[in-house]
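The values are calculated or read from the model by the stated rules, or taken from the named source; none is laboratory data. Because the structure is a prediction, the values reported are computed rather than measured. Neighbour counts are summed over all protein chains in view; Cβ atoms, including those assigned to glycine, are modelled from backbone coordinates with ideal geometry. Ligands, DNA and RNA are excluded from the accessible area calculation, which covers all protein heavy atoms including side chains. Shrake-Rupley method; radii C 1.70, N 1.55, O 1.52, S 1.80 Å.
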Amino acid sequence: DEESPAFMPPAFEIPASMWFDQERTLEAFRTGGGIAWGDHDDRLYCGISAIYANAYRASLVPDWLPALDGVVAKLERGARVADVGCGHGHSTVLMASAFPHSRFVGFDTHEESLEVARANAETAGVGDRVEFQLGDAGSYPGAGFDVICIFDALHDLGDPVGAARRAYEALVEDGTLMVVEPFAGDSVPDNLGPIGRLYYSGSTVLCIPHSRSEKGALALGAQAGPARLTDVLGQAGFTSIRRAHETPFNLVLEARR
């Protein structure tokens, strides 16, 4: 079942990209300069897109959105939603397919991914209510969003506090920021199981180097844990922050004013 979250063959594109990027990664370690997401081998985007699409398909609409306070009702009535760091747009398209009265915009800094996202939206028949724009997580245009989502991207950013602050500014007064992050505890011993080891490995050669490429000081990485993530959201101005849902692979945080 190629749509199952347990379908792993495409995931092997990710370590393949790591091997092809080996010299670039070594140079990043020597210099501390990092590697921007768009500078990686193309196999990375295909692998990431495939495994995340299946995970989101299994959980986003049936589990994650209902765990947020009042969000499903807003989406059913008609809401404005931003998907920040949307990549190939799978999360955006899934939400648009489930909530035809709402309007969605996906932002990303990687134009090649946005082109794929636009094609995915057309194939799914939601191109009339979804748009994809080039935009940085800390300065994308627009305001008055009812919901802003950041899927598996906040920890990659050079300035996650700035990205969360931009979301705070762009939300309506009773809006909701949903942050989906890799599952982690708050200490290294908490994360030494198979999943944590997998995430630490990916974080070392993908997430941290991207953060460094944006001159990031925090470099949260994929195992930041709920305490650090809550602190980031609190620094951005959010006062109501809670763990709304979790899976063995994901943390779902809800942040409100």
### Message
At a threshold of 8 angstrom on Cα-Cα distance, excluding pairs fewer than six apart, so keeping six or more, what relative contact order does the chain reach in percent?
### Response
18 percent
## Note on the structure
By the Cα gyration tensor axes a ≥ b ≥ c (a/c under 1.5 gives rounded; else a/b larger than b/c gives prolate, otherwise oblate), the shape of region 99-174 is oblate
### Query
Which FRET efficiency value, to the nearest 0.05, is calculated for R243 and D69 with the Förster distance at 22 angstrom and r the Cβ-Cβ distance?
0.95
#### Entry: Shape of region 111-253, Cα gyration tensor, a/c cut at 1.5
prolate
### Query
Rounded if a/c is under 1.5, else prolate if a/b beats b/c, else oblate: with a ≥ b ≥ c from the C-alpha gyration tensor eigenvalues square-rooted, which is region 23-67?
prolate
### Task
Using +1 at the Cβ of each Lys and Arg and -1 at the Cβ of each Asp and Glu in the chain, identify which of H90, F238, T204 lies farthest towards the dipole's positive end.
F238
### Task
Quick one: accessible surface of F20, probe radius 1.4 Å, all protein chains present, in square angstrom to the nearest 10.
130 Å²
### Task
Percent of Cα-Cα pairs per 5 Å bin, from 0 to the last occupied bin, for region 19-111, please list those.
2, 12, 18, 19, 14, 11, 9, 7, 5, 2, 0
### Query
Plugging the Kirkwood radius over Cα pairs into Stokes-Einstein for the chain, at a temperature of 20 °C and a viscosity of 1.002 mPa s, what D comes out in µm²/s?
117 µm²/s
### Query
So how do 30-36, 125-131, 218-224, 113-119 stack up, highest first, on mean other-Cβ count within 10 Å?
218-224, 113-119, 125-131, 30-36
### Summary
In whole percent, the fraction of accessible protein surface over region 46-105 that belongs to carbon or sulfur atoms, probe radius 1.4 Å, stands at 55 percent
### Query
At 222 nm, what helix-only mean residue ellipticity would the chain give, in deg cm²/dmol to the nearest 500, using -39500 (n - 2.57) for each DSSP H run of four or more?
-11500 deg cm²/dmol
#### Entry: Heavy-atom surface of the chain, accessible at 1.4 Å and reported per residue (Å²)
44 Å²
